């Protein structure tokens, strides 16, 4: 699904409504089948790189999956968060700040903050989704 240069955005792919519908439905199907949704998006857009549109759709498809995974496997999540807190703790100043870029639904950030031995003055998490 290649677009003309007059329709191209920053990523080189700005779909019209019909193309966007096809992309969303195809990515939903790929996600439900456990396939690589970004691979589908690249093939569908005729691009060899991930497009902004594909990335945003992929984030929406995954929304809630991190929380669901943390709830389904609480011991694994707790162990991972404790390991990260053990690594980060000695590196943080007392009353310092923590920032996670690409935090998704902040399941890791929240778990690490709960397990740090020192008080943190500010905690920030950012994600494109």
Review point. Any residue at all in segment 21-38 that is at pLDDT below 90 and surrounded by 14 or more Cβ atoms within 10 Å (Cβ to Cβ)?
Key: no
Review point. Can you find a residue in segment 58-73 that is part of a loop (DSSP other than H, G, I, E, B), under 29 Å from residue 17 (Cβ atoms) and either outside the structural domain of residue 23 (by TED's automatic domain parsing) or under 20 Å from the mean Cα position of the chain (by Cα) (or both)?
Key: yes
Review point. Just one of 68, 123, 106, 93 is without any contact (Cβ under 8 Å) to a residue 24 or more places away in the chain and in contact with a strand residue (DSSP E or B) (Cβ under 6 Å, 6 or more places away or on another chain); which is it?
Key: 106
Study note, to complete from the structure: Scanning segment 89-129 for residues that are within 22 Å of the chain's Cα centre (by Cα) and assigned to a helix (DSSP H, G or I), the one surrounded by the most Cβ atoms within 10 Å (Cβ to Cβ) turns out to be 112
Study note, to complete from the structure: Among 76, 80, the single one that is within 21 Å of the chain's Cα centre (by Cα), under 15 Å from residue 114 (Cβ atoms) and part of a helix (DSSP H, G or I) is 80
Practice item. Scan (1) closer than 25 Å to residue 107 by Cα; (2) at pLDDT below 90; (3) not in a helix (DSSP H, G or I) for the single condition residue 15 breaks and write down its number. Key: (1)
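Outside the structural domain of residue 16 (by TED's automatic domain parsing) and assigned to a helix (DSSP H, G or I), is that true of residue 41? Step through it out loud before you land on a result.
Values: outside the structural domain of residue 16 (by TED's automatic domain parsing): no; assigned to a helix (DSSP H, G or I): yes.
Taking the combined requirement at face value, the residue does not satisfy it.
The values are calculated or read from the model by the stated rules, or taken from the named source; none is laboratory data. Please read all numbers here as calculations on a predicted model, not as lab measurements. Quick reminder, even Gly has a Cβ in these numbers, built from the backbone with ideal geometry, and neighbours come from all protein chains shown.
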